[in-house]
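Right, one structure below, let's go through it.
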Amino acid sequence: MYEQSINDPVPFWTPIAKQFHWEEPWTTLHASNFDRNAGPVSIKWFDGAKTNICYNCLDRHVLNGHGDRVAFFWFGNEPADARTVTYSQMLERVQRFANVLKALGIKKGDTVAIYMPMIVDLVVAMLACARIGAPHSIIFGGFSAEALSERIMDARSSVLVTADGAFRGTKFIDLKSIADTAMEKCKTRGFEVTHCVVSLNSGDKAPHSVNMVQGRDQFFHELEATAELECPALWVDAEDILFLLYTSGSTGRPKGVVHTHGGYMVWTATTFKYTFDYHPSDVYFCTADIGWITGHSYIAYGPLLNCATSVMFEGIPTYPEADRYWAIVEKYKVNSFYTAPTAIRSLQRFGEEMPKRHDLSSLRVLGSVGEPINPEAWIWYHDVIGNKRASVVDTYWQTETGGHVITPLPGCTPMKPGSASLPMFGIVPAILDKAGEELSGKAEGYLVIKQSWPGQMRTVFGNHERFELTYFSQFSGAYCTGDGAHRDEHGYSWITGRTDDVITVSGHRMGTAELESAMTTHPDVAESAIVGVPHEIKGEGIHAYVITNPGVETDVSKEKELKMHIRQEIGAFATPDVIHFTSGLPKTRSGKIMRRILRKIAHYEEDSLGDISTLADPSVVQELIDSRPKLQ
Ligand code: WT7
């Protein structure tokens, strides 16, 4: 199948795509240009076709007689909160909510911001957007008011869908208050969110009642209850925008990654089916948050397109106890389970006793995503969770790739702990050296993809030039992933991590430039440089070098204050692990910070600093070593 997908893409993709409903057929299956010298970079799949991904996720299955199949077993933060929703119930709710959005003035092409916890209303809202051709822009519920407002403004979303709040373990996340602050920030910056729809999730359990602004805020359930039942899916072009999702790069502000209805549909459905070896009646559980791409592709779209039954979980793995995932697996007899290495490592710490409390024998496929998985965690996952029987699929991909691009297929690809193994159908990876020369055989270098695939991002929202510069300028004629990879003698890929200034903390991707600019907005900070450091649980941690303004006391309370500042500017998940006060940074004579040196010092590798003679002031190196905070 792989060979056909590369050599003969038309007969490969045609029957796969024909499983879906296309109101009008495509004229060209695929056309793309990766070469900037030959004209603008452009990527098109199923061009000329009309379809709607929401129709394919819901109506198609209901019309085929599967309306009573469970779409989601939803499980709340409290184990007693459980709900089941079928495909026909989803279809009814989505139609009503699509009518709600229309009544709020949303038309095809208008973006809708969604800032919600992991509740079914979130999926209803996203599919309702898709149904009427309004791109959704989901902002992860862990982002701060500042980050939320920037994303609302960049996408110019005049409608925001949110919730009163959510509990994560015993901690209350006050989503609506954060949303209120964000909407205020937008207003002072000249942009108004005119309607805010609030899902009542925490209700009476919340520490205070929800603040509703007259004329702007309305309750989700009230609007839904009075909306018309029917709202036929709008037929959109295969290449019309389905959603944007902000992600971090090595420079500048986060960018809105754009995916479209047709190609993303075919890609997420196909990768879901093959990577998890999905069969009807399987139960699948992905622990990601829909606020990130994993949740978009593998909680919402991929499973729904396959008419699959999924578990959707609002809580955290350690509440009420650290066996929560395993209890869920046992309760619903989950067959495929998908999580991140950081979660595996943190649950491993609680010992085998936790999983041993439960019958996990239903598990057949175990997925990993978000960062390289260390062999030790891989083996624990395989042996203890999978009872040495389940296949582990280490899925390598990115927000930009829409779905898996390098992954084993269960029962098919021989597994090697720590390797993402072989390319998915239609993916032609290559390893290049610095000069852009392709390396053959066993090699290590920059990972690129040479041909387009259906789920590839199409552009950066509102900035096609940035799209071309970010992904197609370093090496001409290929999509640059930003990751390094090593290819072994069996052709297996081992991802070695980012080659740019992007770090991955607990599977959350962030740009060091973005963290630095957030740090320097603090009035006491003159300059900052941030690097990733190896972290036992989180994969990478954040080491922040900070130069304060003259006269500022650099004590423990200042450290706390700066950490708090980053939480407010970005979100709690971006809190630095180390604040390292210094009077200077290693710069070249032209003023460029030598990050290599900062990394070495933060990694305790000062024995291999390399050449420091080009530094404007080499004495700063010793100061940095001496002032390095003790490891916790
Ligand atoms: C970056 C993309 C893919 C969905 C979640 C993250 C790293 C992702 C793996 C893996 C090694 C991985 C890469 C990639 N990454 N999966 N299996 N092995 N590294 O999406 O936020 O867009 O981050 O995550 O560095 O570039 P994202």
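A short reminder: the numbers here are calculations on the coordinates, not readings from a lab. None of the values given here were measured: they were computed from a predicted structure. Reconstructed Cβ throughout: ideal geometry from the backbone, glycine too, with neighbour counts over all protein chains shown.
Please state which one of Ala327, Ala343, Ala377 is assigned to a helix (DSSP H, G or I), closer than 30 Å to Gly67 by Cα and either within 16 Å of the ligand (Cβ to nearest atom) or not charged (D, E, K, R) (or both).
None of the other options fit; the residue is Ala327.
So, in the stretch 477-499, exactly how many residues are part of a loop (DSSP other than H, G, I, E, B), farther than 23 Å from Val531 by Cα and within 21 Å of the chain's Cα centre (by Cα)?
0
Please work out which residue is nearest to the ligand (Cβ to nearest atom), limiting yourself to the stretch 383-404 and to residues that are in contact with a Pro (Cβ under 9 Å, 6 or more places away or on another chain) and either under 16 Å from Asn335 (Cβ atoms) or of a type in the set (D, E, K, R) (or both).
Within the stretch 383-404, the match that is nearest to the ligand (Cβ to nearest atom) is Asp394.
What do you reckon, is Asp282 of a type in the set (Asp, Glu), surrounded by 20 or more Cβ atoms within 10 Å (Cβ to Cβ) and away from the ligand (no atom under 16 Å from the Cβ)?
yes
Within the stretch 51-157, considering only helices (runs of 4 or more DSSP H) that don't extend past its boundaries, which have at least 2 residues that are under 24 Å from Thr399 (Cβ atoms)?
53-57, 120-131, 145-155
To keep it simple, each residue is scored yes or no on (1) in a loop (DSSP other than H, G, I, E, B); (2) within 21 Å of Leu245 (Cβ to Cβ).
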{"residue": "Gly441", "(1), (2)": "yes, no"}
{"residue": "Gly445", "(1), (2)": "no, no"}
{"residue": "Leu469", "(1), (2)": "no, yes"}
{"residue": "Phe475", "(1), (2)": "yes, no"}
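Would you please name the residue that is surrounded by the fewest Cβ atoms within 10 Å (Cβ to Cβ), looking only at residues in the stretch 160-173 that are in contact (Cβ under 8 Å) with a residue 12 or more places away in the chain and farther than 13 Å from Phe220 by Cβ?
Thr170
Name the one entry in Ala343, Ala300, Ala322 that is in contact with a helix residue (DSSP H, G or I) (Cβ under 7 Å, 6 or more places away or on another chain) and surrounded by fewer than 23 Cβ atoms within 10 Å (Cβ to Cβ).
Every option except Ala322 fails the conditions.
List pairs: first residue in the stretch 27-44 and farther than 16 Å from Leu469 by Cβ, second residue assigned to a strand (DSSP E or B) and of a type in the set (Lys, Arg) anywhere in the structure, Cβ distance under 6 angstrom, at least six positions apart or on different chains.
That search, which allows pairs on different chains as well, returns Ala31/Lys44.
Would a scan of the stretch 435-453 turn up a residue that is within 14 Å of the ligand (Cβ to nearest atom) and under 18 Å from the mean Cα position of the chain (by Cα)?
no
Which of (1) assigned to a loop (DSSP other than H, G, I, E, B); (2) farther than 30 Å from Phe467 by Cβ; (3) in contact (Cβ under 8 Å) with a residue 40 or more places away in the chain; (4) not polar (S, T, N, Q) does Ala233 not meet, given it meets every other one?
Unmet condition: (2).
Taking Lys333 as the residue in question, decide whether it is in contact with a strand residue (DSSP E or B) (Cβ under 7 Å, 6 or more places away or on another chain) and surrounded by fewer than 22 Cβ atoms within 10 Å (Cβ to Cβ).
yes
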